[in-house]
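Before any comments, here is the structure.
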Amino acid sequence: MDQHRSHGSSGCNQRSSYKRGGDDGGRNRSDKRFRTIHHQSGSDPVQNPPTSQGLSTRRELYERDFPVYKQPVEVGCFSLDSGRRFFNDSRQMRYYVEPDRNPNFDLRDGYTDRFTKRDDSVKEKLDHILRWIVVNRSKLNSRSTTTSSCGLDVDFVTWRGHLTKLLTTPYETREGWSLAVTRFRDTLYISEVETEAARRERENRTERHEEMMYWGYKFEQYICADSLHSSPDPGGVVNTNEAFCTVVQTRLSDHRLLFSGEVDCRDKDSSASAPPASYVELKTSAEICTPKQRSNFHRFKLLKWWAQSFLPGVPRIVAGFRDHEGTVVSVETFHVSKISHLIKNEYNCWKPTVCMNFCSDFLSFVKCVAVEDNPSVVYLFCWEPRRDVTYTIHRDSHYSFLPHWFVQEMTNSQDSHHQP
């Protein structure tokens, strides 16, 4: 791995376009990714200069060579039980059992009497990943801790889902996002903040929408076994509190990433490759009956499916196609490495290189903006479709997300590490 960067460099002096406003010496004025914009007002800003740089999301600005993305390596995993309790093991791992091509699974079964739904109004932020880090920090210790204030050999810690949103941003036309960033011990932590629009959508879902969300979990129950030697039990309870999560480490351009994401299941074949290559992502979608529906599937749904699985190195997506009544009428396997070829003939379709280059540039932007190393300071990056990414800065606010126990544990372990 790269030697640990010194605090304050933040990758900014690698490209002049990432200089903050007023510090570019005129060199980045031709870079159309960055614009001078009015700073959003915050209720409790640390500083509120009249202008700052924003990051453009225009697709054509990111059509360049595909950035370096190292093969993701699984460095650990964890499980969450029916009460969302953390366990540093794989007890919630499930095993894929290949279904018939036309299985006629009834996805409505059990919705009214065998369904325990996670309370999605409870925002867990990064807490589960942070618990994993505390238990496994010896795996992440920087080799330069004797000269550095940082004990983690990574630049960013986040959830896979947050990175997925970044990858799809240049093509997103409906949903914005807000991402809170805190620099602590020279690692940048990224945690999503629910937008007002997302909160309204969550609180006003129709019963039909709620049931269709259940269908995806029910599909998993039909084709996942709890152990290598058992079979799926579609008569059991669907409990969306339970989860198995992989923790992977990789590098995008010069950004060293540590992120976690939920895994649906793994290959039952004992000779299968080691994780994450043995993992399988499960999806449901409406059956495709017309060329227009297939085109829309390629242009919109496959983008999010590809981004979600490409990031952690999951090679296969098994999709159940359902009719309007919730019956799976066919099953199809998509190999993630072949999805870009599948969509290449679609007019004005998404491009993987645009997705990855935007994500890389956003992370560079964050490195240059989030410079104060302080767990109580949050840099809030916000984006709405057809706008630039903007940010505000907040101290000791309700946006703070690194829990005291984590800060204390990491500080204590670092202090003890430096003692003679």
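Of the residues making up the range 304-329, those that are closer than 29 Å to Val75 by Cβ, touching a residue at least 40 places away in the same chain (Cβ under 8 Å) and assigned to a loop (DSSP other than H, G, I, E, B) are Leu311, Pro312, Gly313, Val314. Name the residue that is least open to solvent (accessible area, probe 1.4 Å), counting only residues in the range 54-105 that are of a type in the set (A, V, I, L, M) and assigned to a loop (DSSP other than H, G, I, E, B). Checking each candidate, the answer is Met93.
For the range 248-306: of the residues being among the β-branched types (Val, Ile, Thr) and under 22 Å from Tyr222 (Cα atoms), which is surrounded by the most Cβ atoms within 10 Å (Cβ to Cβ)? The selected residue is Val263. Here Met213 meets each of (1) outside any helix (DSSP H, G or I); (2) of a type in the set (A, V, I, L, M, F, W, C); (3) at pLDDT 95 or above; (4) out of contact with any His (no Cβ under 8 Å at 6 or more places or on another chain) with one exception, condition (1).
When Gly110 is tested against (1) more than 30 Å from Thr353 (Cβ to Cβ); (2) modelled with pLDDT of 95 or more; (3) in a loop (DSSP other than H, G, I, E, B); (4) open to solvent by 40 Å² or more (accessible area, probe 1.4 Å), only condition (4) is not met.
Here Val75 clears all of (1) within 30 Å of Ile129 (Cβ to Cβ); (2) out of contact with any Lys or Arg (no Cβ under 6 Å at 6 or more places or on another chain) except the condition numbered (2).
Taking the range 113-126 as the range and being in contact with a Phe, Trp or Tyr (Cβ under 8 Å, 6 or more places away or on another chain) and either in a helix (DSSP H, G or I) or open to solvent by less than 50 Å² (accessible area, probe 1.4 Å) (or both) as the test, only Leu126 passes. How many of the residues in the range 339-389 are open to solvent by 20 Å² or more (accessible area, probe 1.4 Å) and polar (S, T, N, Q)? Adding up the residues that qualify gives 6.
Applying the criterion of at least 3 residues that are under 28 Å from Ile343 (Cβ atoms) and more than 19 Å from the chain's Cα centre (by Cα) to the strands (runs of 3 or more DSSP E) found wholly in the range 222-299 leaves 279-286.
The values are calculated or read from the model by the stated rules, or taken from the named source; none is laboratory data. Given the structure is predicted, the values throughout are model-derived calculations rather than measurements. All Cβ positions, glycine included, derive from the backbone under ideal geometry; neighbour counts span all protein chains shown. The protein model used for the area step is the full one, side chains on, heavy atoms only, and it has no ligands, DNA or RNA in it. Shrake-Rupley method; radii C 1.70, N 1.55, O 1.52, S 1.80 Å.
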